[in-house]
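The values are calculated or read from the model by the stated rules, or taken from the named source; none is laboratory data. What you are looking at is a predicted structure, and each value in this text was computed from that prediction instead of being measured. Glycine also receives a Cβ, built like all others from the backbone with ideal geometry; neighbour counts cover every protein chain displayed. Each accessible area value is taken on the protein alone, full model and side chains, heavy atoms only, with ligands, DNA and RNA left out. Shrake-Rupley method; radii C 1.70, N 1.55, O 1.52, S 1.80 Å.
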Amino acid sequence: MIRLTAITRTFHMGDQAVYALNDINLHIASGEYVSIMGPSGSGKSTLLNIIGLLDKPDGGSYEMDNRLITDLSETEQAQIRREKIGFVFQSFHLVPRLTAAENIELPLILSGMPSAQRQSLVNDALQAFELKERAHHRPAELSGGQRQRVAIARATIMHPSVILADEPTGNLDHQIGAEVMLLLENLHHTGTTLIVVTHDRELGLRAHRQIGMRDGKILTDQTDDAH
Amino acid sequence: MTLTDTLQTSFKTVVSYRVRSLLIILAMALGVAAVVVLTALGDGARNYVINQFSSIGTNLLVVLPGRAETSGSFLGAVLGQTPRDLTLKDAQLLGRLPQVRRYAPLNVGAAELSAANRLREVTVLGSTANLIPIRHMKLAQGSFLAHGTERNAQIVLGAKIANEFFPRSQAIGQRVRLGDNRFLVSGVLASQGESMGFNTDEIVIIPIDYAQALFNTTSLFRILIEAKSHSEIESAKQAILATMRQSHDGEDDTTVITQDAILATFDRVLQALTLAVAGIAAISLIVAGILVMNVMLVSVNQRTAEIGLLKAIGATSTDIRRLFFAEAVWLSLAGAILGFLLGQFGSLMLRLAYPQLPAWAPAWASIAGILVALITGILASLLPASQAARLDAVKALGKK
């Protein structure tokens, strides 16, 4: 469960303060599939960064699973990112010098898991995301779809309760994008909360709940009754 | 993140940036190698000098006329007196001291040596049979002032002199002319080469009485004394000074130089020289450290997105700092080890090129070189590591 109350985030451009988020109140229940849509500069990525504990709000409070996490230490927030949150980025953000398997293994290394256990989990993930044949290839040797699958495998290897996807199909063609969305939606079907930030209205409408943003404010928040 | 994982991950990073890593390692290695080679050179020179001094005798004291220290009042000087010469009587007095194992009075001069239609100028040492053992000389053939022949006009030739005058025949038993006197060759010195700038292969040794007659003098150039043991050198020195004072009517007009004192002086000078060159070489390590810092700062800039990603997937600032820190440790360690090996190789080359120079790097220099490289590398990584750890995750992820 994610609960944001009166969240504000201001950036300063010279002497001028720009509200990236202005008094955001949002509650996302566990297992929800939410899309956040809006034009560039609407604050949707900033909202995702705050939910993902990559950014700190200037005001307001943030609770996750009934725990106030706004004022946690950097180390505690890193632990939450490691254990409860998985990120999927538009530009994949794979480490170029590491192989697919090594990229997937990174969160497990950070968690301090023993090597043998890591290898077993990485093999399972490679199997699950049909990357077994590409395990020892570097990102430059992978297609866009394969790269995003590696990124999703990395995001889910720790079995997080929340997946945050920022324009996950932005660098992929339509068909590969659809395949990637299916992968993410499959994760949602296993009970993972899925929050997708997108420009793409068609993609956004796949979510059960669509949040519309403009100028740092939530304008619309619709739940699709069909789901 | 465990320590093992930190070390493994950073090792992979070092290996993956081959050219960059090799350049840093090379810079570090050259610094360490410079320390090792230069200290090997300095220490080699020091040991060379010590060996040279040791080769001229053991527990040696040299008595020479005149005072080597400044005195407040010397009545003799006021009266126009000069220091008294050393005489054979003085040498005999010193030989009776309980701390003295043996003594050799010494006169040195030059004279013309002729034999077998050959002629050359030679350095002549006049002494007694004790000169040979005191000065660690060795006779290849014959003897010098053997028992029963003490009064004979005999001469010992240096190896080169013997070879020059009697290339095809036995030198022993031959007659030679030195100055106006005829001598019978009783021995030939073994070739020992140059020692303290004094080539024993090109000298001749004759009995002290004949030398004093040859050079028309009753005084001695030096008295060489060998103390019974190393621990008795100082007491022997005091006893010699006391005996000479008594012999010279209460005047302190004799100087005693101990081998230890000369050695200690050279040792201090050459040790200071070794330290100085090590210090100069260490500067190159600091330069290498600055290079490490520079390259790592560039690396942080190049890997900003990667650092952002690591933060996004749960790395703490401490994890990031440790990763960069561990990279510096690997680079410095590799540089230090390679430098040590290069330094040892350089020292070996020096020893092969100059066999008489024992160019072995002292252990302290090798350890110090390696430690300075490690510390410099680690210190140089602090700023880049801290910069990486402080990066804002959102901004870092946004960087292409």
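Here are the numbers for the structure shown:
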quantity: Accessible surface, per residue, of the protein assembly as shown when the full set of protein chains is kept, probe 1.4 Å, Å²; calculated: 47 Å²
quantity: Total accessible area lost when B and A pair, probe 1.4 Å, Å² to nearest 100; calculated: 2100 Å²
quantity: Global form of region B:105-227, assessed from the alpha-carbon gyration tensor, a/c cut-off 1.5; calculated: rounded
quantity: Shape call, chain B: gyration tensor on alpha carbons, a/c limit 1.5; calculated: prolate
quantity: Complex-versus-alone comparison for region A:83-109, residues with a loss of 30 Å² or more in accessible area, probe 1.4 Å; calculated: A:F89, A:H93, A:V95, A:R97, A:L106, A:I109
quantity: Protein accessible area in chain B, 1.4 Å probe - carbon and sulfur %; calculated: 61 percent
quantity: List of region A:110-145 residues, accessible area with partners at least 40 Å² below that of the chain alone (1.4 Å probe); calculated: A:L110
quantity: Subset of B:K138/B:K160; B:K89/B:K138; A:K217/B:K395 violating a 19 Å alpha-carbon distance limit; calculated: B:K89/B:K138; A:K217/B:K395
quantity: Percentage relative contact order, chain B, counting C-alpha pairs under 8 Å, at least six apart; calculated: 31 percent
quantity: Normalised contact order of region A:73-185, rounded percent, pairs of Cα under 8 Å and 6 or more residues apart; calculated: 41 percent
quantity: For the protein assembly as shown, size of Cβ-based charge dipole, Lys and Arg +1, Asp and Glu -1, in debye; calculated: 1700 debye
quantity: Distance in nm between pseudo-label sites at A:D15 and A:E83 (7 Å out along the Cβ direction from Cα); calculated: 4.8 nm
quantity: Residues of region B:293-313 buried by at least 20 Å² on assembly (accessible area, 1.4 Å probe, chain alone as reference); calculated: B:E306, B:L309, B:L310, B:K311, B:A312, B:I313
quantity: Out-of-range pairs (alpha-carbon distance over 28 Å; input A:K44/B:K12; A:K44/A:K84; A:K56/A:K84); calculated: A:K44/B:K12
quantity: Centroid-to-centroid separation of region A:1-66 and region A:134-200 [C-alpha atoms, Å]; calculated: 22 Å
quantity: From the C-alpha gyration tensor of the protein assembly as shown, square roots of 5λ in Å; calculated: 94, 26, 17
quantity: Inter-label distance, nm, simple model (7 Å from Cα along the C-beta direction), B:L241/B:I280; calculated: 3.8 nm
quantity: Percentage relative contact order, chain A, counting C-alpha pairs under 8 Å, at least six apart; calculated: 30 percent
quantity: Cα-centre dipole for chain A with unit charges at Cβ (Lys and Arg positive, Asp and Glu negative), debye to 20; calculated: 360 debye
quantity: Hits among aspartates and glutamates - C-alpha to C-alpha of A:K132 under 12 Å, sequence gap 8 or more where chains match; calculated: A:D124
quantity: Rounded FRET efficiency, nearest 0.05, which uses the C-beta distance separating A:H199 from A:L219 and R0 of 22 Å; calculated: 0.90
